Amino acid sequence: MAFSAKIIQPLPLFTTRSDNKNINNLSSPFVGSTYKLRLPTPIISSSRPHFGSASVVAVKSEVIKDSKKPKSDASSNLLITKEEGLEVYEDMILGRAFEDMCAQMYYRGKMFGFVHLYNGQEAVSSGFIKLLKKEDSVVSTYRDHVHALSKGVPASQVMSELFGKTTGCCRGQGGSMHMFSKEHNVLGGFAFIGEGIPVATGAAFTSKYRREVLKEADCDHVTMAFFGDGTCNNGQFFECLNMAALWKLPIIFVVENNLWAIGMSHLRATSDPQIWKKGPAFGMPGVHVDGMDVLKVREVAKEAVGRARRGEGPTLIECETYRFRGHSLADPDELRDPAEKAHYAARDPITSLKKYMVENNLATEAELKAIEKKIDEVIEEAVEFAEESPAPSRSQLLENVFADPKGFGIGPDGKYRCEDPKFTEGTAQV
Amino acid sequence: MWGIIRQSAGNRGLSISKSQFRCLVQGARSYSSASKEMTVRDALNSALDEEMSADPKVFIMGEEVGEYQGAYKITKGLLDKYGPDRVIDTPITEAGFTGIAVGAAYHSLKPVVEFMTFNFSMQAIDHIINSAAKSNYMSAGQISVPIVFRGPNGAAAGVGAQHSQCYAAWFGACPGLKVLAPYSSEDARGLLKAAIRDPDPVVFLENELLYGESFPVSAEVLDSSFCLPIGKAKIEREGKDVTITTFSKMVGFALKAAEILEKEGISAEVINLRSIRPLDRATINSSVRKTNRLVTVEEGFPQHGVGAEICASVVEESFEYLDAPVERIAGADVCMPYAANLERLAVPQIEDIVRAAKRACYRSTSMAATG
């Protein structure tokens, strides 16, 4: 039960990247980011003895670095296999193409309300969620389309939901900010800051409860909670870090730090912008990773998923990333510096992965092109599907208020459901 | 029953199985000496105990529910019986643990969340409304949320504005929630068991001042299969001259008022709503059609209150049956004062109900004097 709460250093971002020069320009750190604040952090290579078992991630990153240095040709030293690379690449392309299509459809009036796009952050969704099993859960925010896609919800169902059609993953009742799929264990997009974190913690609690109370020994399901930098100043974040660590829940708290709320810079909102540091403060590993590099994201995610599955408790991972579009399609996005945007645009996670795969002979340009073409077709089909699907019928308005089919007060026989003497027995079965 | 108990005892070892056995014996004993009295506290405790025993997916979570045995001792003995995995002491983090319970319910566990008082539920209101009540609808029926939020609600004594408030109308206004307010021990047992078995989020509004009150209970009520229907009111006392609708602690006040009215020749029908949402409009309207007069009583604020909703229902469905304006008794439209005399003035009293009923029957003192 006792958890050695040693201070965990962040990934030595700028040292491990030295073997990956293609991904960004070392001499230009994140514009307007926490880079300066991170500088005083000592590079950890010399301090390995200080790391307990909880610091697997930091150790692992050393291993990657060391193992890569001596050899340069052997494919076993690559950070990803061909199959994995293609899967992740396809997922990132799907996310990007889907969101671009959403913007088009939004401006054509096909979808409405708030639509928050994920462009630029794909390395996080694909890097994490593609490691999960179907039984594992994902809890997202209002920027949830791509998390749902990565978890396996068909693009046609997500698109149809955005169109407000009855074939949507929530029959048009959820909308852009509320993607749910019981089948894929997508437990919701939540529209309020911090709201999803306790729900995700509860899903993780369920895994533990099923294992320890219901004696389902094989229940090793993990939960990932995705949220942004702004959320990390919200009380629910701290409440749940505490309880997740206290009860050793199988959860991964994934901070998608895109450096901005809507127009509020992370640096202007947070006393100590290094979010990962809050993990050790609660007795769990805190990890910082370059969220524009899917291979690095995948490495830390693997460690965290493994830790959760083994019952060793939660991990807090801060992914430093960037959104290429405004906060939502209604946001004029006037406060972010064009130089900052250009800097991150040059670090596009999809381009980087493509380059890595081609340079390391993991895929040919033609193979990757074929994936892009395939995804274009998927998106086209999704739009057609959504377009042709019927709007919800009038009767749907009053459905699903309760799980109890007669919960609205009047049963199918037209009588008040409470008049049925077997009323409560019936509800116990549902 | 035996099978279930043995099974869960087997999971937990000998010492627990002993205590479970003891509880079973005690349960059997109280059953055999039925039609005795039972406090609301024991009614709630036994309902929790039985439902936890019947279904391992049921667990209780909240502040001080375990080792302290509950701030109001509603969970007394449950920790010993079911262990810390199922009787979970949480940090003081309403938003956090309520959300965790909702997330567990998403995965079909059946959490019972205890709020030390419902005033603290305001810290977690986002999860009650936005996460629990709306998920089934937003997910088009994919994600149901079988959860109970329970704890004392309404005016307590001498605790001031932030600890004395009735939330029946608040939660009663929310689609996706079922809202129950028990009065007697029978209500407490039957409704809490129904709430735990229900597949939807239920807000269960108890009253601190009723916990220690004893009520007679029949053998049927004590049976572990006992359950009351959600959405069904109870006519506590039949009458023909005026209908008094009320819930929770005010049921007791209304019954006392009815006794006084009887001495003055007015026969009052007292309806214990039991369920605020769904609201049993049928029972209310059929009673009003019989008595032609209506007095609504609640502790909460008057504006947009439970009484306002009942009044609207009666005006919509039974307008032509009304022989007098509807009388609405509610808490004063101020937050709760601390001073004992002011506090008494801020919540409905028995004499207020008597006066209103007489007015509705055109028997108020002033009218009697002129008549």
- Message: Can you divide the C-alpha Rg of region A:133-230 by 2.2 N^0.38 Å and report the result to two decimal places?
- Response: 1.11
- As straight-line cross-link partners of A:K278, the qualifying aspartates and glutamates (C-alpha separation under 14 Å, not fewer than 8 residues apart within one chain) are A:D229, A:E239, A:E318
- Query: Taking the mean number of other Cβ atoms within 10 Å as a proxy for protection, how do you rank B:337-345, B:44-52, B:216-224, A:116-124 from highest to lowest?
  - Reply: A:116-124, B:44-52, B:216-224, B:337-345
- Any idea what log10 I(q)/I(0) is at q = 0.14, 0.23, 0.25, 0.26 Å⁻¹ for region B:68-159, Debye with uniform C-alpha scatterers and no solvent? -0.54, -1.21, -1.32, -1.37
- Task: Over region B:269-354, average the accessible area per residue using a 1.4 Å probe and give it in Å², no decimals.
- Result: 43 Å²
- Task: For helix B:40-54, report the angle its Cα long axis makes with the longest principal axis of the Cα atoms of chain B; keep it between 0 and 90° and round to the nearest 10°.
- Result: 40 degrees
- Complex-versus-alone comparison for region A:185-220, residues with a loss of 40 Å² or more in accessible area, probe 1.4 Å: A:L187, A:F192, A:E195, A:P198, A:V199, A:F205, A:T206, A:Y209, A:V213, A:L214, A:K215
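Which whole-number percentage describes the relative contact order of chain B, with Cα contacts under 8 Å and a sequence gap of 6 or more? List each step's numbers first, then the result.
On the way: 759 pairs, mean separation 53.4, N = 371.
That works out to 14 percent.
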- Quick one: helix B:2-12 against the long Cα principal axis of chain B, what's the angle to the nearest 10°, folded into 0 to 90? 60 degrees
- Simple SL model, points at 7 angstrom along Cα→Cβ for A:N233 and B:E317; separation in nm is 5.0 nm
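Leaving out ligands, DNA and RNA, and with a 1.4 Å probe, what % of the accessible surface on region A:246-359 is carbon or sulfur?
Carbon and sulfur: 57 percent of the exposed surface of region A:246-359.
Which whole-number percentage describes the relative contact order of region B:149-211, with Cα contacts under 8 Å and a sequence gap of 6 or more? Display every interim value, and only then the final one.
On the way: 79 pairs, mean separation 28.4, N = 63.
Relative contact order for region B:149-211 comes out at 45 percent.
In whole percent, and with a 1.4 Å probe on the protein chains, what portion of the accessible area of chain B is carbon and sulfur? List each step's numbers first, then the result.
Numbers: 7660 of 14070 Å².
So the carbon and sulfur contribution to the accessible surface is 54 percent.
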- Ordering of A:141-148, B:353-360 by packing [mean C-beta count within 10 Å, highest first]: A:141-148, B:353-360
- Note on the structure: Result for region B:110-152: accessible area per residue, probe 1.4 angstrom, in square angstrom, of 20 Å²
- Task: Determine the order of B:K290, A:K354, B:K193 by accessible area, beginning with the largest, at a probe radius of 1.4 Å.
- Result: B:K290, A:K354, B:K193
- Item | Accessible-area ranking of A:Y107, B:Y137, B:Y167, largest first, probe 1.4 Å | A:Y107, B:Y137, B:Y167
- Query: For chain B, what does -39500 (n - 2.57) per DSSP helix run (n ≥ 4), summed and divided by total residues, give at 222 nm, in deg cm²/dmol to the nearest 500?
  - Reply: -12000 deg cm²/dmol
- Query: Which of the pairs B:K73/B:K256; A:K277/B:K134; A:K110/A:K133; A:K133/A:K296 have their Cα atoms more than 23 Å apart in this structure?
  - Reply: B:K73/B:K256; A:K277/B:K134; A:K110/A:K133
- Query: What net charge do the residues around A:A261 carry, taking every other residue with its C-beta under 10 Å from that of A:A261, with Lys and Arg at +1 and Asp and Glu at -1?
  - Reply: 0
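Per-residue mean of other chain beta-carbon atoms within 10 angstrom of the beta-carbon, peptide B:103-115? Don't skip to the answer; put the middle values down first.
Values: counts 19, 11, 4, 12, 14, 2, 8, 0, 4, 0, 0, 0, 0.
Average neighbour count from other chains, rounded to a whole number: 6.
Which order do B:R289, B:R277 take by accessible area at a 1.4 Å probe, largest first?
Details: B:R289 95, B:R277 60 Å².
Accessible-area ranking of B:R289, B:R277, largest first: B:R289, B:R277.
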- Task: For the A and B pair, go ahead and give the buried accessible area with a 1.4 Å probe, both sides summed, in Å² to 100.
- Result: 4500 Å²
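Report, in listed order, any pair from A:K151/A:K208; B:K76/B:K178; A:K134/B:K76 with a Cα-Cα distance greater than 29 Å. Numbers along the way, then the final one.
Numbers: A:K151/A:K208 22 Å; B:K76/B:K178 26 Å; A:K134/B:K76 40 Å.
Cα-Cα > 29 Å for A:K134/B:K76; rest within.
Please give the FRET efficiency for B:V159 paired with A:E377, using the beta carbon to beta carbon distance and R0 = 45 Å, rounded to the nearest 0.05. Intermediate values should be presented prior to the final figure.
Working: r = 65 Å, r/R0 = 1.45.
That pair, B:V159 with A:E377, gives E of 0.10.
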- Query: On a 0 to 90 degree scale, rounded to 10, what angle separates helix B:306-318 from the longest Cα axis of chain B?
  - Reply: 60 degrees
- Message: Tell me the Rg and the Dmax, in Å, that the Cα atoms of region B:180-297 produce.
- Response: 14.5, 46
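The values are calculated or read from the model by the stated rules, or taken from the named source; none is laboratory data. Computed from a predicted model, the values in this text were never measured in an experiment. So basically every Cβ, Gly included, is an ideal-geometry build from the backbone, and we count neighbours across all protein chains shown. These area figures cover heavy atoms from the full protein model, side chains too; ligands, DNA and RNA do not enter into them. Shrake-Rupley method; radii C 1.70, N 1.55, O 1.52, S 1.80 Å.
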